[in-house]
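Colleague: Supplied in structure tokens, the structure appears directly below.
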Amino acid sequence: MTVFDGETCYKVDPIKPTRKYAKRLRIRQKALSRKVKGSNNRRKAVKVVAKVHEKISNTRQDFLHKLSRKLCDDNQVIVAENLCVKGLARSKLAKSIHDAGFGMLLNFISYKLKREGGKFVQVDRFFPSSKLCSCCGQKNDLLNLSIREWICPHCQTVHDRDKNASRNLRAEGIRIMSTNTVGHTEFQACGETVRLVGTCAKKRVSKKQESPATPLCGSRRECQSGNENSQTRVAHAYLRRHEN
Ligand SMILES: [Zn+2]
């Protein structure tokens, strides 16, 4: 994920909890499969496996909560690209996409900003954020996913694919904000919800710094309780599945 705040552009490495805990999960699932059905030992092993799943879920949510908190504290307006996660999840990158939890991050940013009176702008996924040159506005149709760096044929600027896209998204976000029209790009006020399982999520966040003084979130407790609920839900769902 690439973040651009108007001055600096930096990349946030997505976490891969599923991969990180894959070995632990495999070992404990193997142990579970060796237990006799209906036995007490099996019941214990189910709990042990569920704990690994909980750990994975907690790691991901912890990271996303911290990241979205930082983004919302630093900015009053956040522009994000509205990517088609369902489509991406069907591609080769599926595991990474799910693991990173782009949709969840959008969701967290959306409600945190809403609570603090900020604005969350989503740029339509058909906006050619990667293909436009952020310097001269020329559109380069020759780009494909494998090209990470390119030189604009018009102004000769060397572009990093994601950094260029985040610059374009920021500019587009400002344009949407200033015109506030519903046209080719959609404007979503901060109150708009972003569904987790829905079709949208983002890869690049582009931040706009309007005023450095953003009120701190006073209801962190609320995030944590929401967090716990979903954790236990995962663990319980897993337990149910195995007890049958
Ligand atoms: Zn150019």
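Just so you know, all these numbers are worked out from the coordinates, no wet-lab data involved. Values in this document were obtained by computation on a predicted structure and should not be read as measured data. Virtual Cβ from ideal backbone geometry, glycine too; neighbours counted across all protein chains shown.
Colleague: With the crude spin-label approximation of a point 7 Å out along Cα→Cβ, what separation in nm comes out for Arg125 versus His98?
Modeller: My value for the distance between the label points is 1.8 nm.
Colleague: At 7 Å along Cα-to-Cβ for each site, give me the label-to-label distance between Asp141 and Lys11 in nm.
Modeller: Between Asp141 and Lys11, the simple spin-label model gives 2.9 nm.
Colleague: Related question: Pull up all non-local amide H partners of Lys119: gap of 5 or more, or a different chain, and H-to-H distance under 5 Å with H placed in the peptide plane.
Modeller: It is Val77, Ile78, by chain and number.
Colleague: Most exposed first by the Cβ proxy, i.e. fewest other Cβ within 10 Å, how do Met104, Met177 rank?
Modeller: Working: Met104 20, Met177 15.
So the ranking, lowest neighbour count to highest, is Met177, Met104.
Colleague: Counting only Cα, what are the radius of gyration and maximum Cα-Cα distance Dmax of segment 1-55, in Å?
Modeller: Looking at segment 1-55, its Cα Rg and Dmax stand at 18.8, 61 Å.
Colleague: Let me ask you something else. Evaluate the distance, in nm, between pseudo-label points positioned 7 Å from the Cα of Asp73 and of Asn58 along their respective Cα→Cβ axes.
Modeller: It is 2.2 nm.
Colleague: Return Val3, Val77, Val123, Val36 ranked ascending by Cβ neighbour count within 10 Å, so the fewest neighbours appear first.
Modeller: Values: Val3 23, Val77 20, Val123 27, Val36 8.
Lowest to highest Cβ neighbour count: Val36, Val77, Val3, Val123.
Colleague: Hey, another quick one. To the nearest 20 debye, what is the magnitude of the charge dipole of segment 52-174 about its Cα centre, counting +1 on the Cβ of each Lys and Arg and -1 on the Cβ of each Asp and Glu?
Modeller: Working: 21 positive and 13 negative charges, 52 e Å.
Result for segment 52-174 is approximately 240 debye, rounded to the nearest 20.
Colleague: If you don't mind, another one. Could you size up the charge dipole of segment 12-115 around its Cα centre, putting +1 on the beta carbon of Lys and Arg and -1 on that of Asp and Glu, and report it in debye to the nearest 20?
Modeller: Value, rounded to 20: 1140 debye.
Colleague: Where does each of 167-173, 60-66, 143-149, 108-114 land if you order them by average Cβ count within 10 Å, highest first?
Modeller: Numbers: 167-173: 24.0, 60-66: 18.1, 143-149: 10.0, 108-114: 22.0.
Packing proxy ranking, top to bottom: 167-173, 108-114, 60-66, 143-149.
Colleague: Please compute the Cα-Cα pair-distance distribution of segment 10-141 with 5 Å bins starting at 0, giving whole percents from short to long.
Modeller: In whole percents, the pair-distance histogram is 2, 9, 13, 14, 15, 14, 11, 7, 5, 4, 3, 1, 1, 0.
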